[in-house]
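In what follows, a structure is listed as structure tokens, so that the remarks can point back to it.
The values are calculated or read from the model by the stated rules, or taken from the named source; none is laboratory data. Computed from a predicted model, the values in this text were never measured in an experiment. Note that we place each Cβ from the backbone using ideal geometry, even for glycine, and neighbour counts take in every protein chain shown. To get the accessible areas, we keep the full protein, side chains included, count just its heavy atoms, and leave off ligands, DNA and RNA. Shrake-Rupley method; radii C 1.70, N 1.55, O 1.52, S 1.80 Å.
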Amino acid sequence: MGHKGAGKSTSGNTILGREKFDKKRSAQCVRRHGEVVDGPITAIEAPGWWKNYTVEESPELLKQEMLLSVSLCPPGPHVVLLIIPLFSKFKEKEIKALQGHLDLLGERVWSHTIVRFTYGDYLLGTPIEQHIESEGHLQWLVDKCGNRYHVLNNLNRSDETQIKELLEKIEETVAENHGCHFEIERTIIQEVEERKRAQEERAKERMKMMQKRRENIRLQMMRGVEKSDTRSVGSSAYSSFGSGTDSRSDSPFSFVDGLYIRKGCNRMELPSPFMSGDERSDTMSVRSPAYSSNTSEAEDSSS
């Protein structure tokens, strides 16, 4: 356990000797198994909290996952490794956030906790005891954990000595607790599991609603396209009617260039100003009655 960016995944990979944990941040617990010097070991990584966020400011899902992480290795873990990067400066707010998140597991968690300092290369030869004394809040934390701590140099992962030392400290911690695992009351775990199931069910319902809405939108869009195609077909029919001949077989007229022409006529002529009155009259007879009557009226008015 530890805040985001403390080095939990890297520490897990160093303990197991392989790249078992993905260094990408995860909102859920991750359990991995491996073989170490003295045999098989199970390591569980809990999601980290924001360093400056108090437990009240953390999301409910994070708190639930921290509690459920303990139940992933029943009856419970032998120890809790609290990951602390040595380059990080802990002030009162950071320590308050750390204590609040670990207190979620109950007061007994501190008797099973080992402070695991990462980035041991940051010390540059300075003894870890001197560094702890120089940081007042680190001294408080180490004392809270019964003076149990271990330094890990992630840059020297091939050194099996530091893993052996960690396993020895774990055995000492188990002996101090009379061989007992760290356990949380089953009623607390059950309540957390029920809340998580309820949240998952609500999430599924929201997903179904979203899918239904997307399907309705898709159907509406398809209907809109079908209506658009229908209007296009109607427009095409109208265009063919306007540009060609009248689709009505019983109509005596054809529609050409915006004028109705009587069927059976091979040509249409406009009256020439040099035609005689009789010639004009003969030419007008090939036009539509409306056009002829209008022209006749014009001629009458002019005469």
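Scanning the stretch 156-178 for residues that are touching a helix residue (DSSP H, G or I) at 6+ places or on another chain (Cβ under 9 Å), in a loop (DSSP other than H, G, I, E, B) and open to solvent by 50 Å² or more (accessible area, probe 1.4 Å) yields one hit, ARG157.
Conditions (1) touching a residue at least 12 places away in the same chain (Cβ under 8 Å); (2) crowded, with 16+ Cβ neighbours inside 10 Å; (3) β-branched (Val, Ile, Thr), marked per residue:
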{"position": "PRO77", "(1), (2), (3)": "yes, yes, no"}
{"position": "PHE87", "(1), (2), (3)": "yes, no, no"}
{"position": "PHE90", "(1), (2), (3)": "yes, yes, no"}
{"position": "LEU98", "(1), (2), (3)": "yes, yes, no"}
{"position": "LEU105", "(1), (2), (3)": "yes, yes, no"}
{"position": "ARG108", "(1), (2), (3)": "yes, no, no"}
{"position": "THR113", "(1), (2), (3)": "yes, yes, yes"}
{"position": "GLU129", "(1), (2), (3)": "no, no, no"}
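Put simply, of VAL225, VAL192 the only residue that is over 18 Å from GLN28 (Cβ atoms) and either touching a residue at least 12 places away in the same chain (Cβ under 8 Å) or assigned to a helix (DSSP H, G or I) (or both) is VAL225.
Only one of the numbered conditions (1) surrounded by 18 or more Cβ atoms within 10 Å (Cβ to Cβ); (2) β-branched (Val, Ile, Thr); (3) modelled with pLDDT of 90 or more is not met by THR14, and that is (3).
The single condition from (1) surrounded by fewer than 19 Cβ atoms within 10 Å (Cβ to Cβ); (2) part of a loop (DSSP other than H, G, I, E, B); (3) within 26 Å of the chain's Cα centre (by Cα) that PRO47 fails is (1). With respect to PHE117, is the statement that it is modelled with pLDDT under 90, under 26 Å from ALA27 (Cα atoms) and either open to solvent by 40 Å² or more (accessible area, probe 1.4 Å) or touching a strand residue (DSSP E or B) at 6+ places or on another chain (Cβ under 9 Å) (or both) true? Considered against the rule, which asks whether it is modelled with pLDDT under 90, under 26 Å from ALA27 (Cα atoms) and either open to solvent by 40 Å² or more (accessible area, probe 1.4 Å) or touching a strand residue (DSSP E or B) at 6+ places or on another chain (Cβ under 9 Å) (or both), PHE117 comes out as no.
For the stretch 122-144, the criterion of being closer than 20 Å to PHE87 by Cβ and within 34 Å of the chain's Cα centre (by Cα) is met by no residue. Taking the condition closer than 30 Å to ASP159 by Cα and in a helix (DSSP H, G or I), does THR42 pass? Spelling it out, it is not the case that THR42 is closer than 30 Å to ASP159 by Cα and in a helix (DSSP H, G or I). Taking the condition of being touching a strand residue (DSSP E or B) at 6+ places or on another chain (Cβ under 9 Å) and surrounded by 12 or more Cβ atoms within 10 Å (Cβ to Cβ), how many residues in the stretch 23-43 meet it? Total satisfying the criteria: 9.
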